[in-house]
1. When the residues of the range 150-174 are filtered to those that are assigned to a helix (DSSP H, G or I) and among the aromatic types (Phe, Trp, Tyr), which remaining residue is nearest to the chain's Cα centre (by Cα)?
2. Given the criterion loosely packed, with under 10 Cβ neighbours inside 10 Å and outside any loop (DSSP other than H, G, I, E, B), identify the matching residue among 187, 177, 129.
3. Out of 140, 61, 66, 84, report the one residue that is outside any loop (DSSP other than H, G, I, E, B), exposed (fewer than 10 other Cβ atoms within 10 Å of the Cβ) and among the small types (Gly, Ala, Ser).
Amino acid sequence: MDERRSTRSARRRFLRVIPGAVAGAIAAPALARQAEQTTPRITKDNLDCAEKIFGIDFNDAEEQQALNGVNRNLNSFEELRKTAIPLDTEPAIEFVPYLPGRKPKPGATPGAKIHVTLQPPGPRPSSLDDLAFHPITALAPLLQRRDVSSTELTRMYLARLKKFGPKLNCFVTLTEDLALEQAAQADKEMRPGR
């Protein structure tokens, strides 16, 4: 209990000092800020204060790496801020979904068929996990020959998502029932040759 009180007391003292330090930095003469600096703007002492506020403790190598990065970024930000950009300038954002030098044909083509060259079919592997990284152009012939079903592939991918999902954080919601329902529907449609 006493240890917690002393820690709180130390934090309060530390936080009382910060406004004075900030006021001192703001009150520094403009010429001093414009003069060429031989010491970095953010020092080890500044970083130590920040570490105390956040409740972390870097070792010397980590502190030096952080100081280098912070000071480099501060200099870059200051250079960017010197660029006068009118307030009515819109950001330059453009999404170009085609290759350089190739323009798409005008007009939408909903339902247009995509022509894809399939890879020659190989034999069905002993484990479906061996197919996990195959492109659809390699899986399609196996599906057409009925060496593997959509449901089998879907179950394999769902199992991999459950196994590796917590490590990779690669999805928000696993829609297992919907995936299996759609796979079963695809298998049903493939039976008559569709």
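Read-outs: derived from the displayed coordinates by stated rules, not from any lab. A quick note: this is a predicted structure, and the numbers were derived from the prediction, not measured. All Cβ positions, glycine included, derive from the backbone under ideal geometry; neighbour counts span all protein chains shown.
1. As a first pass, look at the range 150-174 and keep what is assigned to a helix (DSSP H, G or I): 150-168.
When the remaining residues are screened for being among the aromatic types (Phe, Trp, Tyr), the result is 157, 164.
Values: 157: 22, 164: 17 Å.
Only one residue fits best here, namely 164.
2. Details: 187 fails: loosely packed, with under 10 Cβ neighbours inside 10 Å; 129 fails: loosely packed, with under 10 Cβ neighbours inside 10 Å.
Step by step, each of 187, 177, 129 is checked, and only 177 is loosely packed, with under 10 Cβ neighbours inside 10 Å and outside any loop (DSSP other than H, G, I, E, B).
3. Working: 140 fails: exposed (fewer than 10 other Cβ atoms within 10 Å of the Cβ); 66 fails: exposed (fewer than 10 other Cβ atoms within 10 Å of the Cβ); 84 fails: outside any loop (DSSP other than H, G, I, E, B).
Result of the check over 140, 61, 66, 84: 61.
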